[in-house]
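Enquirer: Below: one structure in structure tokens.
The values are calculated or read from the model by the stated rules, or taken from the named source; none is laboratory data. All figures in this text were calculated on a predicted structure; none of them were measured in a lab. Every residue, glycine among them, receives a Cβ derived from its backbone with ideal geometry; neighbour counts consider all protein chains shown. Each accessible area value is taken on the protein alone, full model and side chains, heavy atoms only, with ligands, DNA and RNA left out. Shrake-Rupley method; radii C 1.70, N 1.55, O 1.52, S 1.80 Å.
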Amino acid sequence: MPAAIADVLKRMIDGGGRVCVLTGAGMSAESGIPTFRGTHDSLWSRFDPMRLATAEAWREDPALVWGWYRWRMQLVRDAQPNAGHKALAELARRVPLSLVTQNVDDLHERAGSTVDAHVHGSLFALRCFACGQAHDGPLDDYVEGQQKVAPMRCTACGDAIRPGVVWFGEALPDDAWSAAVDAAERCMLVLVVGTSGLVYPAAGLPALARRHGATVVEINPEPTALSADADHVWRSTAAQALPQLLAI
Ligand code: APR
């Protein structure tokens, strides 16, 4: 850990100030979950988000969209939380910590974290596309390699069951966004982990925290759109960097 970052983190953590952690897809990369951008096998380099991650795409071909999300859900089910997820869960037992994630997987929860805000929703929070009723029933069986899968049907109105993620062009869940803003405004330290900082309004949270007096530390092996405005940049990965926080 760079000495300057160790000093600021120790001062902040020993000072009892609240820590806000904002995570993105890079948080789950070391669990084998592909990120959206930045590598040859990233999701948006292989798939067209406009055909898979919009309400229009769903209306056009719900079986294609559901088949893709069913594949992503299986990836997450087959994955395990990494050392970074586990370190954040342990850190929350030692300091006041708010966890805000753009990720729709459940790896933070499976590592033992309480997620204060899933600002882009959750893969497994299924609901009816038409009437919005939550689908708490069993998940349909996953068939490896099946690209198109007919969505399950709503027991209330018979329409198709969609994933509970925020698609491009959709509003963020009010409660999640309010919790995220509250966390950013009340913290003394923001750890921005594994996000390219390209998708707003989530990408605006570190700047909001900074305007409220927080110190911003970015943890990312690559430069991002947020790096220039961070107080400190730690060029490392989630699973390598975050466990080091426990040794401070
Ligand atoms: N540890 C930390 N960061 C990593 C790691 C790692 N092991 N591997 C990659 N990264 C970084 C990359 O350098 C990149 O900056 O994670 C970031 C991933 O960026 P994106 O793929 O753009 O993911 P994210 O920022 O979460 O995307 C935001 O875009 O498509 C939408 O809804 C989707 O929530 C998503 C949003």
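Enquirer: Would you confirm whether any residue within the range 13-22 is within 16 Å of the ligand (Cβ to nearest atom), assigned to a helix (DSSP H, G or I), assigned by TED's automatic domain parsing to the domain that holds D231 and touching a strand residue (DSSP E or B) at 6+ places or on another chain (Cβ under 7 Å)?
Expert: Taking every residue of the range 13-22 in turn, none turns out to be within 16 Å of the ligand (Cβ to nearest atom), assigned to a helix (DSSP H, G or I), assigned by TED's automatic domain parsing to the domain that holds D231 and touching a strand residue (DSSP E or B) at 6+ places or on another chain (Cβ under 7 Å).
Enquirer: What are the residues in the range 74-91 that are in contact with a strand residue (DSSP E or B) (Cβ under 7 Å, 6 or more places away or on another chain) and more than 16 Å from A25 (Cα to Cα), if any?
Expert: If the condition is that a residue be in contact with a strand residue (DSSP E or B) (Cβ under 7 Å, 6 or more places away or on another chain) and more than 16 Å from A25 (Cα to Cα), then L91 is the only one that fits.
Enquirer: Which of the residues that make up the range 26-57 are open to solvent by 70 Å² or more (accessible area, probe 1.4 Å) and farther than 30 Å from G84 by Cα?
Expert: Passing the criteria: M50, R51, E56.
Enquirer: Looking at this structure, is V233 open to solvent by less than 70 Å² (accessible area, probe 1.4 Å) and over 24 Å from M73 (Cβ atoms)?
Expert: Spelling it out, V233 is indeed open to solvent by less than 70 Å² (accessible area, probe 1.4 Å) and over 24 Å from M73 (Cβ atoms).
Enquirer: Those residues that are open to solvent by 30 Å² or more (accessible area, probe 1.4 Å), in contact (Cβ under 8 Å) with a residue 12 or more places away in the chain and under 30 Å from D14 (Cβ atoms), I need them from the range 58-96; list them, please.
Expert: Correct list: A83, K86, E90, A92, R94, P96.
Enquirer: Return yes or no: is W44 part of a helix (DSSP H, G or I), of a type in the set (A, V, I, L, M, F, W, C) and without any contact (Cβ under 8 Å) to a residue 24 or more places away in the chain?
Expert: Against the criterion (part of a helix (DSSP H, G or I), of a type in the set (A, V, I, L, M, F, W, C) and without any contact (Cβ under 8 Å) to a residue 24 or more places away in the chain), W44 qualifies.
Enquirer: Within the range 190-203, work out how many residues are over 15 Å from A29 (Cβ atoms) and either surrounded by fewer than 16 Cβ atoms within 10 Å (Cβ to Cβ) or within 9 Å of the ligand (Cβ to nearest atom) (or both).
Expert: 7
Enquirer: Would you point out the residue of the range 214-226, among those that are under 14 Å from L22 (Cβ atoms) and either without any contact (Cβ under 8 Å) to a residue 40 or more places away in the chain or near the ligand (Cβ under 10 Å from one of its atoms) (or both), that is surrounded by the fewest Cβ atoms within 10 Å (Cβ to Cβ)?
Expert: Restricting attention to the range 214-226, the residues satisfying the condition of being under 14 Å from L22 (Cβ atoms) are 214-220, 224-226.
Checking the rest, the ones that are also either without any contact (Cβ under 8 Å) to a residue 40 or more places away in the chain or near the ligand (Cβ under 10 Å from one of its atoms) (or both) come to 216, 218-220, 224-226.
On the way: V216: 22, E218: 25, I219: 27, N220: 25, T224: 21, A225: 12, L226: 22.
Applying the filter and picking the extreme gives A225.
Enquirer: Right, another one. State whether one or more residues within the range 156-167 are among the acidic types (D, E) and open to solvent by less than 40 Å² (accessible area, probe 1.4 Å). It would help to see each step written out before you state the result.
Expert: So in the range 156-167, the residues among the acidic types (D, E) come out as 159.
If we keep only those that are open to solvent by less than 40 Å² (accessible area, probe 1.4 Å) too, we end up with none.
Scanning the range 156-167 turns up no residue that is among the acidic types (D, E) and open to solvent by less than 40 Å² (accessible area, probe 1.4 Å).
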